[in-house]
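The structure appears below as structure tokens.
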Amino acid sequence: METTGRLGERGVAAAAQGMPADARRSVDGYLMAAFPWYGLDEAFTGPRWLMQVGAAADGIVEYGSTGHGEEPSLKVETDMDQQRFTVVVTVASRPGRDSSDGTGKLEATSVSSAAWLAGSGLLSCTWPTRMERALRQDWLDQQTAIAWELADDLEGESWSQLSLPVDGVPTDFHYRESEYGWVLAGTANEDVHIGAYGRGMSAYGLGFAVVKDIARYDG
């Protein structure tokens, strides 16, 4: 991923994170997407919830996340080792294109895009809450840089291969584990790439499927 594409993705991600919680979780943004959303398949019977969508400057929805299990919390009193959740990130497959303001180029989205969004998503909900406030940003900057490097090197030794069903079809994913949880990324079909991250729920044995009714997550 080149610098222009990175800045574009990071800008979208930052904008989504900065939106009010009720706006991020509104089903309306999901309904505006021109691509299918993915979540865990019907084998998962636990709670499902919305997270946020990310849109480009022209308002076109580029990606979004659906949550499964217990919603992660950054409250100091929360024991992160007891949290059990999986988040599925759906990224629209886009070719390289001009930016909406005509001032630059946006690179094509790829499996690396899904890996970056999943990796940064894991960081956003598992960073050390007991760390001194003055050190948190330094830690986050460092870990974010590492997430970028890992997403750029999916064939590197930090990743292994994991086959999981997508709409019932065995699909290869890039997979890695860390002390904070796990991350995986792959391609669902010609329309989207899938990223996922989780903690307390094993990635082995999971399955992904098109979300037939996104309102189901708006509980």
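Which whole-Hz ³J(HN,Hα) couplings does the range 53-66 yield from phi under the Karplus relation 6.51 cos²θ - 1.76 cosθ + 1.60, θ = phi - 60°, glycine and proline marked x?
So the Karplus estimates, Gly and Pro as x, are 10, x, 10, 6, 4, 8, x, 6, 5, 9, 6, x, 10, 10 Hz.
Quick one: which of 47-56, 146-155 comes out on top by average Cβ neighbours within 10 Å, and what's the full order, highest first?
The packing order, highest mean first, is 47-56, 146-155.
Every number here is computed from the coordinates shown, using simple stated rules; none is lab data. Quantities reported herein were computed from a predicted structural model and do not represent experimental measurements. Neighbour counts are summed over all protein chains in view; Cβ atoms, including those assigned to glycine, are modelled from backbone coordinates with ideal geometry.
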